[in-house]
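Trainee: After the structure tokens below, expect a handful of questions from me.
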Amino acid sequence: MNLVDLSFLTGVFVTLFVITDPPGTVPIFLSLTSTMAAKQRSRAALVAVAVAMLIISVFALFGRFILDYMHISLPALQFSGGLLLLIVALQLLSGKEGEMAANEGVNVALVPLGTPLLSGPGAIVAVMLFVQQTGGQSARIISLVIAMALIAATMYIALRFAGVVARVLGDGGVTLVTRISGVLLAAISTQMIFDAIHSFLISWGVVAG
């Protein structure tokens, strides 16, 4: 018996990577922490990632209870999540991903870095859906945990070494990665919408399961 489902792990990691877009957060992170010293910037990166993963983990563990309480079906969540991710994808493609600003007096590591930049609705919905897809299988559960740990490490590295990443990729490189992420995210969101519609049709008896 395999302890890890590599296919599922890869799918989770790629999806979360595209949604959180670590390279794309580099210029935003640099602009929000421009007045900080190197040590403060490093701490801000750690706090932002920790807050993001805490929020995502809470919804991964208790999101289903919230849905049941509010009588929301998984296909409905999947459909709305697909639409939400499509909007995010369009923002990435149109260059509007940086339209956010920190309110005066608010720790930027918490808002907007921790949320909604790193742990926005898109990431939350995606993780909740992946939790459902594990089906209680230990291999998939372990794969999900590993993928989330890897994406957390990726986000931290991108923010921790934001200055280096920006210099290596350049403005054009960061923009290119962001646009590619937008295309991939658009494809993922469209597939989520199609799957949700298919689930609705099955529940209505229009098509066979």
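The values are calculated or read from the model by the stated rules, or taken from the named source; none is laboratory data. In this text the structure is predicted, and so the values were computed from the model without any measurement. Cβ placement follows ideal geometry from the backbone for every residue including glycine, while neighbour counts extend to all protein chains displayed. Remember, those area values only see protein heavy atoms, side chains included, never the ligands or the DNA or RNA. Shrake-Rupley method; radii C 1.70, N 1.55, O 1.52, S 1.80 Å.
Trainee: Search the range 137-174 for residues being over 17 Å from residue 18 (Cα atoms) and among the polar types (S, T, N, Q), and hand back the single one that is modelled with the highest pLDDT.
Mentor: Once the filter is applied, the top-ranked residue is 143.
Trainee: Do you know which residues across the range 24-57 are among the β-branched types (Val, Ile, Thr) and within 26 Å of residue 184 (Cβ to Cβ)?
Mentor: The answer is 25, 26, 28, 49, 51, 55, 56.
Trainee: Of the residues in the range 1-19, how many are open to solvent by less than 80 Å² (accessible area, probe 1.4 Å), part of a helix (DSSP H, G or I) and not β-branched (Val, Ile, Thr)?
Mentor: Qualifying residue count, the range 1-19: 6.
Trainee: Which of the following residues is in a helix (DSSP H, G or I) and touching a Phe, Trp or Tyr at 6+ places or on another chain (Cβ under 8 Å): 197, 188, 180, 202?
Mentor: 197
Trainee: To continue, here is another question. Applying the selection to the range 39-75, what residues are modelled with pLDDT under 85 and either β-branched (Val, Ile, Thr) or part of a helix (DSSP H, G or I) (or both)?
Mentor: 64, 66, 67, 72, 74, 75, listed by residue number.
Trainee: For residue 34, work out the one condition from (1) part of a helix (DSSP H, G or I); (2) open to solvent by 40 Å² or more (accessible area, probe 1.4 Å) it doesn't fulfil.
Mentor: (1)
Trainee: Next question, about the same structure. Sort through 127, 174, 145 and tell me the only one that's assigned to a helix (DSSP H, G or I), β-branched (Val, Ile, Thr), closer than 22 Å to residue 46 by Cβ and open to solvent by 40 Å² or more (accessible area, probe 1.4 Å).
Mentor: 145
Trainee: Whether any residue in the range 101-113 is modelled with pLDDT under 85, surrounded by fewer than 19 Cβ atoms within 10 Å (Cβ to Cβ) and either in contact with a Pro (Cβ under 8 Å, 6 or more places away or on another chain) or closer than 18 Å to residue 13 by Cβ (or both) is what I want to check.
Mentor: Yes: the range 101-113 contains one or more residues that are modelled with pLDDT under 85, surrounded by fewer than 19 Cβ atoms within 10 Å (Cβ to Cβ) and either in contact with a Pro (Cβ under 8 Å, 6 or more places away or on another chain) or closer than 18 Å to residue 13 by Cβ (or both).
Trainee: Something else about it: Identify all residues within the range 59-76 that are surrounded by fewer than 13 Cβ atoms within 10 Å (Cβ to Cβ) and within 19 Å of the chain's Cα centre (by Cα); write none if there are none.
Mentor: Those that are surrounded by fewer than 13 Cβ atoms within 10 Å (Cβ to Cβ) and within 19 Å of the chain's Cα centre (by Cα): 61, 62.
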